[in-house]
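Below is one structure; the comments refer to it alone.
The values are calculated or read from the model by the stated rules, or taken from the named source; none is laboratory data. Bear in mind that the values here come from a model prediction, so they are computed numbers and not experimental data. Here the Cβ is made from the backbone with ideal geometry for all residues, glycine too, and neighbour counts use every protein chain on show. The area values use the complete protein model at the heavy-atom level, side chains included, leaving out ligands, DNA and RNA. Shrake-Rupley method; radii C 1.70, N 1.55, O 1.52, S 1.80 Å.
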Amino acid sequence: MLGVNIGIDLGTTSVVAYVEGKGIVMTEPCVAAYEKESGKLVAVGKRAWDMVGKNPDSIRVVQPMSNGVVSDFTSMKHIIRTFLSRICKNMVFKPNVVVSVPSMATSLEKRTILDLVTAAGAAKACLIEEPLAAALGAGLKSNRPVGAMIVDIGGGTTDIAVITMGCISVSKSIKTAGNALDEAIARQIRRERDVIIGLKTAELIKKQIGCSYLRDVELGMTVKGKHFITNLPVSIEVTSTEAYLAMRPHLETIAEAVRSVLEMTPPELSADISESGIRLTGGGALLRGIDEMIQRKTGVKTFVAPDAVNCVANGTGEALSHMDILSYNGYVFKARDEIGGLTPETTE
């Protein structure tokens with residue numbers, strides 16, 4: 001195919017771009033900012049992310065992805081078009097793009113993503129399921145009939161899949177992931193401490209003192225917010241125990257989803273997984289102790305894959321280097337005028 005080949009991890013919170021032959025070239029927040037009156041695009045990516053919670057009334061900040069699904073088509077198109085133009089610059093031919101999607105995405109959601117990427121400037125677009133891309137990025141490239149389990153904990157969704165012979169055997173996608181943990185922390189502090197904090201502050205708490213178990217030595221950090229009753233600025237100290245108690249129900253949900261996929265897995269593949277273990281990928285895999293929690297709940301050894309955050313993006317790059325992986329799973333590159341003719345074999 002003519003044109004540069006690009007792999008995109010289209011996440012709820014960030015967009016990671018992989019260029020064939022160069023590796024990962026861009027990691028930007030999935031955010032756009034517009035002037036309210038004129039609708040003019042003001043900023044995309046990190047510049048727009050810096051405005052979240054701090055934008056004036058004249059600026060509207062949009063996060064177009066919600067739980068792994070495009071909720072604002074126009075904003076998402078502007079974001080992808082901006083990023084593709086940065087990567088391709090003055091190239092003559094339009095790029096060919098592989099995009100990751102949640103494993104349980106519907107046919108309509110897949111068609112939306114394909115339409116979106118081709119409308120944003122791609123010559124042809126192709127899809128790959130996130131857990132399969134994560135498995136490729138984590139180093140699982142074997143075509144042998146050997147089972148392996150991937151748990152990709154992103155911002156909006158957690159994708160769980162059993163991979164064998166380069167294909168997905170059993171999979172499940174739940175809308176409980178990193179963003180849900182942030183929201184839980186913010187709700188806990190508002191309910192227990194009468195203090196309102198932003199989601200960016202909640203994310204900082206999760207990263208710095210968040211844990212999947214009660215620490216023997218409690219940690220604390222000072223955060224700033226607004227008092228719920230007086231509406232005045234305040235500073236409070238948040239402890240690791242508070243963060244854990246807020247996140248615990250969602251962590252239990254993730255662990256239970258992993259258990260349910262293991263229960264659906266055929267016995268021979270289960271035997272392979274008991275030997276090879278469960279690999280965790282995505283930004284949520286970096287939460288302290290989450291591998292130990294899942295191992296304790298399932299009885300299967302669990303570990304975090306190297307470069308967990310970029311596994312999906314690296315996996316799209318592996319798929320670009322080995323096109324047979326895409327064709328073997330029924331995925332083909334489609335131009336914009338071909339999207340309306342998607343067949344069940346390529347969308348489900």
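Quick look at the values:
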{"read-out": "Test: residue in the stretch 239-261 that is open to solvent by 30 Å² or more (accessible area, probe 1.4 Å), without any contact (Cβ under 8 Å) to a residue 40 or more places away in the chain, part of a loop (DSSP other than H, G, I, E, B) and out of contact with any strand residue (DSSP E or B) (no Cβ under 7 Å at 6 or more places or on another chain)", "value": "no"}
{"read-out": "Test: residue in the stretch 204-220 that is among the charged types (D, E, K, R), out of contact with any Cys (no Cβ under 7 Å at 6 or more places or on another chain), open to solvent by 10 Å² or more (accessible area, probe 1.4 Å) and closer than 24 Å to Thr106 by Cβ", "value": "no"}
{"read-out": "Test: Val170 is outside any helix (DSSP H, G or I) and over 25 Å from the mean Cα position of the chain (by Cα)", "value": "no"}
{"read-out": "Considering residues of the stretch 137-167 that are of a type in the set (Val, Ile, Thr) and assigned to a loop (DSSP other than H, G, I, E, B) only, the residue least open to solvent (accessible area, probe 1.4 Å)", "value": "Thr157"}
{"read-out": "Any chance Val97 is touching a residue at least 60 places away in the same chain (Cβ under 8 Å) and hydrophobic (A, V, I, L, M, F, W, C)", "value": "yes"}
{"read-out": "Leading residue by the ranking (nearest to Ile209 (Cα to Cα)) among those in the stretch 155-175 that are out of contact with any strand residue (DSSP E or B) (no Cβ under 6 Å at 6 or more places or on another chain) and touching a residue at least 40 places away in the same chain (Cβ under 8 Å)", "value": "Gly155"}
{"read-out": "Extreme residue, nearest to Ala255 (Cα to Cα), among residues of the stretch 200-218 that are part of a loop (DSSP other than H, G, I, E, B) and free of Cβ contacts under 8 Å to residues at least 60 places away in the same chain", "value": "Leu214"}
{"read-out": "Criterion: modelled with pLDDT of 90 or more, farther than 18 Å from Ser14 by Cβ and among the β-branched types (Val, Ile, Thr) - qualifying residue of Thr112, Thr74, Thr106, Thr82", "value": "Thr74"}
{"read-out": "Hits in the stretch 58-75 (condition: assigned to a strand (DSSP E or B) and touching a strand residue (DSSP E or B) at 6+ places or on another chain (Cβ under 8 Å))", "value": "Ile59, Arg60, Val61, Val62, Met65"}
{"read-out": "Cross-chain or 6+ apart pairs with Cβ under 9 Å, the stretch 79-93 first and in contact (Cβ under 8 Å) with a residue 60 or more places away in the chain and part of a loop (DSSP other than H, G, I, E, B), then surrounded by 14 or more Cβ atoms within 10 Å (Cβ to Cβ) and not aliphatic (A, V, I, L, M)", "value": "Met91/Gly3; Phe93/Gly3"}
{"read-out": "Residues of the stretch 311-328 that turn out to be in contact with a Leu (Cβ under 6 Å, 6 or more places away or on another chain) and closer than 21 Å to Gly155 by Cα, as a count", "value": "1"}
{"read-out": "Conditions (1) open to solvent by 30 Å² or more (accessible area, probe 1.4 Å); (2) within 24 Å of Val19 (Cβ to Cβ); number of the one not met by Lys110", "value": "(1)"}
